Amino acid sequence: MAYIEALEYTLSVTGPVFIIVFVGLYLKRKGHIDTGFVGQASSLVFNICLPILIFLSMIDNDLHLLDQLPLVWFCISAAVISFVAFWLISALLVPHQDRGVAVQGAFRSNLGIVGIALCAKAFGGDGLAVGAVILAVVTPIYNILSVYALNRSLHEGKSVQWFRTLKDIAKNPLIIAIALGFFCSWLDLKLPKVMYDAGQYLARMTLPLALIAIGGSLSLRELRNTSTLSAYAVFAKLLVVPVGVGISAFGFGFNGVEIGCIILMFASPTAAASFVMVRSMGGNHILASNIIALSTLLSAFSISLLLYLAKILAWI
């Protein structure tokens with residue numbers, strides 16, 4: 001009976017999220033939405049709706065940064081260790097010019113949309129708040145390490161514009177929303193009801209619109225170009241990273257909502273932002289696009305499996 005209940009729980013979390021992703025893919029193929037819509041929807045989600053959703057969830061759940069320090073340090077360590085391990089291994093297995101692309105594809109999760117959506121569906125407001133903490137601390141690490149990896153493999157010998165990178169991180173609407181959320185929670189500030197209700201309207205748009213945009217951005221044609229390297233990167237992203245991080249989190253005493261969110265965030269497919277970064281730096285954008293498409297499609301199954309096992313083991 002416990003196995004059936006665990007399966008029902010798993011499908012109730014992952015099913016709705018990935019159904020909407022595939023709806024987006026269907027709508028794009030049928031011409032109901034186009035590339036312009038996907039771009040505008042993604043911009044609206046990233047700059048307005050998702051920051052509001054995260055901010056409201058944080059003030060609703062009264063999160064304090066000091067209480068989250070064990071989670072913060074664990075997630076930072078997990079991201080850095082994952083990167084270092086893949087960077088060292090890639091030196092032996094991957095052509096030099098593709099090292100940065102492959103490593104980024106293997107360790108950088110889509111935290112802001114897929115990860116947050118899964119945390120919210122699995123654990124409600126508590127999951128959304130914990131997911132926001134993970135997003136806040138891991139996103140800057142992802143950006144810094146990705147710039148380093150791509151620069152080393154594509155432009156070795158050239159200096160990295162670290163000031164510009166750090167400036168872009170500080171201007172990230174999600175980082176700003178999370179910082180404001182911690183500040184308001186610390187001071188116990190509440191929004192006027194009119195502003196709160198208006199914010200909720202925008203917040204409720206976030207996940208459906210974001211997931212449709214993710215689906216609309218997928219290209220099945222990219223799967224025809226699947227290479228051994230992209231398959232290895234996707235295997236590492238969807239199984240090696242979340243299994244290693246999940247077991248480590250359990251060993252460090254995390255349980256319930258926290259370990260569930262850790263697994264879901266690190267098990268999420270490769271971030272779509274990695275393609276933009278690779279292309280802007282002159283890297284192998286075909287490989288980057290292929291990793292994103294393949295990891296997004298296969299993550300529906302890998303995340304379901306990992307969540308099911310975590311439920312069976314009574315970690316969540």
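A single entry from PHE74, PHE46 fulfils the requirement of being out of contact with any Leu (no Cβ under 9 Å at 6 or more places or on another chain) and either touching a residue at least 60 places away in the same chain (Cβ under 8 Å) or under 19 Å from ASN284 (Cα atoms) (or both): PHE74.
Residue under question is SER299, and the condition is that it be crowded, with 24+ Cβ neighbours inside 10 Å and not β-branched (Val, Ile, Thr); does it hold? Spelling it out, SER299 is indeed crowded, with 24+ Cβ neighbours inside 10 Å and not β-branched (Val, Ile, Thr).
TRP315 satisfies every condition listed in (1) open to solvent by 50 Å² or more (accessible area, probe 1.4 Å); (2) under 18 Å from VAL13 (Cα atoms); (3) outside any helix (DSSP H, G or I) except (1). Once segment 146-172 is narrowed to residues that are open to solvent by 30 Å² or more (accessible area, probe 1.4 Å), within 19 Å of HIS285 (Cα to Cα) and outside any loop (DSSP other than H, G, I, E, B), the residue that is modelled with the lowest pLDDT is LEU154.
It is to be established whether one or more residues within segment 32-39 are buried (at least 17 other Cβ atoms within 10 Å of the Cβ), touching a Lys or Arg at 6+ places or on another chain (Cβ under 8 Å) and farther than 14 Å from LEU209 by Cα. No, segment 32-39 has no match at all.
Inside segment 216-270, residues that are within 13 Å of LEU298 (Cα to Cα), hydrophobic (A, V, I, L, M, F, W, C) and either crowded, with 16+ Cβ neighbours inside 10 Å or modelled with pLDDT of 95 or more (or both) make up a count of 8.
The values are calculated or read from the model by the stated rules, or taken from the named source; none is laboratory data. Treat the numbers as computed from the prediction; the structure is a model and nothing was measured. Methodologically, a virtual Cβ is constructed for each residue, glycine included, from the backbone with ideal geometry; neighbour enumeration extends over all protein chains shown. These accessible areas exclude ligands, DNA and RNA; they are computed on the full protein's heavy atoms, side chains included. Shrake-Rupley method; radii C 1.70, N 1.55, O 1.52, S 1.80 Å.
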